[in-house]
Amino acid sequence: MSKEKSSRKVFDKYTKEIYSTEILNIYRPIILQRAENNMSRKHYQELASLLQRLSKNFIGADEFVGKLINEFKHKYAKRPAMMQELSKVKCISVVKIKTEQKSLF
């Protein structure tokens, strides 16, 4: 591995640890815009992939992603392809939210 790649990995690791909240807040409007404007399965797959990567790579992102997915499930309930793709995103908060919703009914 080159010295540059090694340095970048160390930088990325510490950046994610220190600035996770800030980075997630930068992504939020981008994700909201993508969800609103794109209406094809391919776009939904890309959106789900982005949410999965965020959930996996950033501290506190599970809750962030879970809230976004809940928001999308309410706002875009009439987009079945989106709902199918979002259901593939694995994060603790989404599972927790599903469990809470089931217990309410």
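Odds and ends about this structure:
- Matching residues in the range 15-47 - criterion: being outside any helix (DSSP H, G or I) and surrounded by 13 or more Cβ atoms within 10 Å (Cβ to Cβ): ASN38
- Scanning the range 10-33 for residues that are among the basic types (Lys, Arg) and at pLDDT below 95 yields LYS13, LYS16.
- Number of residues in the range 64-93 that are surrounded by fewer than 16 Cβ atoms within 10 Å (Cβ to Cβ) and part of a helix (DSSP H, G or I): the value is 9.
The values are calculated or read from the model by the stated rules, or taken from the named source; none is laboratory data. Note that the coordinates shown come from a computational prediction; the quantities given were computed from them, not determined experimentally. Note that each Cβ is placed from the backbone with ideal geometry, even for glycine, and that neighbours are counted across all protein chains shown.
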